[in-house]
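**Student:** Shown below is the structure under consideration.
The values are calculated or read from the model by the stated rules, or taken from the named source; none is laboratory data. Quick caveat, the model's predicted, so the values are computed rather than measured. Reconstructed Cβ throughout: ideal geometry from the backbone, glycine too, with neighbour counts over all protein chains shown. Areas reflect the complete protein model, heavy atoms only, side chains present, ligands, DNA and RNA absent. Shrake-Rupley method; radii C 1.70, N 1.55, O 1.52, S 1.80 Å.
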Amino acid sequence: GVLALMDSPVVMDGVKRGILKDIGPRRLYDAVNVILTLQNEDGGWATYENNRGFGWYEELNPSEVFGDIMIDYSYVECSMASLTALADFHEKFPDHRKNEVTFAIKRGAEFMKSIQRKDGSWYGSWACCFCYGCWFGIEGLIKSGESASSPAIQKCCQYLISKQRANGGWGEDFTSCYDKDYAANGMQNYGDDGSGVVNTAWALMALSAAKCNDVEAIRKGVRYLMSRQLDCGDWPQEGIAGVFNRACGITYTAYRNVFPIWALGRCVATYGDNIDKDPKILATKSQN
């Protein structure tokens, strides 16, 4: 976030005029040093601390509610966030711990690939669920230098396309998290004919990050989000989108607005006017 703000003309103008305090390189160096320290042996990153145990510890889990809590595992979400920070930092400060930073990014990308499922998806541990995980997986690999045409990214795109519903949207409910399998009926309850605005936004974020060439799928998703926007500009509050420790659902009310806006903006930036064009016309032009 801080690195992104450094690219903002408004923020940097405020710094120059003395209205905002500058964040010097030393503080950014310290932050990156912490990220490097928190990388696990498997190449990924966890939530609070380094991994200090083994998966079989879950057999001793005394909780009747929480799952996967006995150790702090490496997650696709935390790994993507750490990879993004390191990649953006390295672009601005290429000489600080150069070899260590580039090696950490390489190891992080390898970890992301290692936890990708055979069907091309990633399991999301902090939201519902596979659309979310796929977004982090694709975004993390892209930021670490992976080509959008790589088999890992293309396989994930195919997976997401296969889950798009007839109305153009995507949808999952809490069962995806608990069962660790994509919800067969989508967001059947508290959604819109199995689809939901938040899941749809996450899927579009992933596909547009990969520059998916199935423009018609993108177009359908965009139109679905637009159709679900209320007259006041808001999007409807639907089923639970957040989760933690596999079994606890949580509603983040801002998700329904933040992610659709983000997804629509990214799709427009990536595909431009092609989103609005008739696919038959585009097909005719490509043949000519």
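**Student:** Please give me the summed charge of the neighbours of ASP88: other residues whose Cβ is under 13 Å from its Cβ, Lys and Arg +1, Asp and Glu -1.
**Tutor:** Numbers: positive: LYS92, LYS143; negative: ASP7, GLU91, GLU139.
Once positives and negatives cancel, what remains is -1.
**Student:** What's the center-to-center distance, using Cα atoms, between the stretch 155-184 and the stretch 206-241 in Å?
**Tutor:** So the separation of the two Cα centres works out to 14 Å.
**Student:** Quickly work out the ALA247-to-TYR190 label distance, labels modelled 7 Å from Cα along the C-beta direction, and quote it in nm with one decimal.
**Tutor:** It is 1.9 nm.
**Student:** Can you compute the FRET efficiency between ALA254 and SER147 using 1/(1 + (r/R0)^6), with r the Cβ-Cβ distance and R0 = 30 Å? Round to the nearest 0.05.
**Tutor:** Approximately 0.35, to the nearest 0.05.
**Student:** Fully extended, how many nm does the chain gain between VAL2 and ASP179 (0.36 nm per residue separation, minus their Cα-Cα distance)? Mind showing how you got there, number by number?
**Tutor:** Numbers: separation 177, 0.36 × 177 = 63.72 nm, distance 3.67 nm.
60.0 nm is the gain from fully extending VAL2 to ASP179.
**Student:** Can you put LYS211, LYS106 in order of accessible area, largest first, using a 1.4 Å probe?
**Tutor:** LYS211, LYS106
**Student:** Separate question: Just to verify a number: what accessible area does VAL34 come out at with the full protein assembly present, 1.4 Å probe, Å² rounded to tens?
**Tutor:** 80 Å²
**Student:** Kindly provide the trypsin sites (Lys or Arg not before Pro) of the stretch 19-48 that DSSP labels as loop, not H, G, I, E or B, and whose Cβ sees at most 15 other Cβ atoms within 10 Å. Walk me through the numbers on the way to the answer.
**Tutor:** Working: sites: LYS21, ARG26, ARG27; in loops: LYS21.
Of the trypsin sites (Lys or Arg not before Pro), the ones in loops of the stretch 19-48 whose Cβ has at most 15 other Cβ atoms within 10 Å are LYS21.
**Student:** Note the full-extension length gain between ASP214 and ASP88 as 0.36 nm times their separation in residues minus their Cα-Cα distance, in nm to one decimal.
**Tutor:** 42.5 nm
**Student:** Can I ask one more? Ranked by accessible surface with a 1.4 Å probe, highest first, in what order do GLU139, GLU91 come?
**Tutor:** Per-residue accessible area, sorted high to low, gives GLU91, GLU139.
**Student:** Still on this model: Which ³J(HN,Hα) values, rounded to whole Hz and listed in residue order, are derived for the stretch 242-254 from phi using the Karplus coefficients 6.51, -1.76 and 1.60 in 6.51 cos²θ - 1.76 cosθ + 1.60 with θ = phi - 60°, glycine and proline given as x?
**Tutor:** Ordered by residue, 3J(HN,Hα) equals x, 7, 8, 6, 6, 10, 10, x, 8, 9, 9, 5, 6 Hz.
**Student:** Right, something else. Probe of 1.4 angstrom, ligands and nucleic acids ignored: what's the accessible area per residue over the stretch 1-120, in square angstrom? Walk me through the intermediate numbers first.
**Tutor:** Details: 7570 Å² over 120 residues.
So the stretch 1-120 comes to 63 Å² accessible per residue, rounded to a whole number.
**Student:** With Cβ to Cβ distances under 13 Å as the rule, what net charge do the other residues near ILE261 carry (K, R +1; D, E -1)?
**Tutor:** Neighbourhood net charge equals +2.
**Student:** If I take R0 = 41 Å and measure r between the Cβ atoms of GLU59 and ILE23 in this structure, what FRET efficiency does the formula 1/(1 + (r/R0)^6) give, to the nearest 0.05?
**Tutor:** 0.35
**Student:** Is the chain rounded, prolate or oblate when judged by the Cα gyration tensor, a ≥ b ≥ c being the square roots of its eigenvalues, rounded requiring a/c under 1.5 and prolate requiring a/b larger than b/c?
**Tutor:** oblate
**Student:** Roughly how many percent of the accessible protein surface of the stretch 186-252 is carbon and sulfur, given a 1.4 Å probe and a whole-percent answer?
**Tutor:** 46 percent
**Student:** Could you name the lysines in cross-link range of LYS220, using Cα to Cα under 24 Å and dropping any fewer than eight places away on the same chain?
**Tutor:** LYS155, LYS163, LYS211, LYS277, LYS280, LYS285
**Student:** Report the net charge of residues surrounding GLU58, where surrounding means a beta-carbon distance below 12 angstrom and charges are Lys +1, Arg +1, Asp -1, Glu -1.
**Tutor:** Values: positive: ARG246; negative: GLU59, ASP68.
Its environment carries a net charge of -1.
**Student:** Which whole-Hz couplings ³J(HN,Hα) result when phi for each residue of the stretch 224-234 is put into the Karplus expression 6.51 cos²θ - 1.76 cosθ + 1.60, θ = phi - 60°, listed in order with x for Gly and Pro?
**Tutor:** Result, ordered by residue: 5, 4, 5, 5, 8, 5, 7, 4, 7, x, 6 Hz.
**Student:** Identify the residues of the stretch 247-279 with backbone N under 14 Å of a label point that sits 7 angstrom from the Cα of PHE66 along the Cα-to-Cβ direction, or state none.
**Tutor:** 247-249
**Student:** So, one more: Taking 7 Å along the Cα-to-C-beta vector as the label spot, tell me the SER114-ALA31 distance in nanometres, rounded to one decimal.
**Tutor:** For the pair SER114/ALA31, the computed spacing is 2.7 nm.
**Student:** Give me the accessible area per residue for the stretch 162-286, probe 1.4 Å, as a whole number in Å².
**Tutor:** Value returned for the stretch 162-286: 49 Å² of accessible area per residue.
**Student:** Multiply the residue gap between VAL10 and GLU100 by 0.36 nm, knock off their C-alpha separation, and tell me the result in nm, one decimal place.
**Tutor:** Fully extending the segment from VAL10 to GLU100 adds 29.1 nm.
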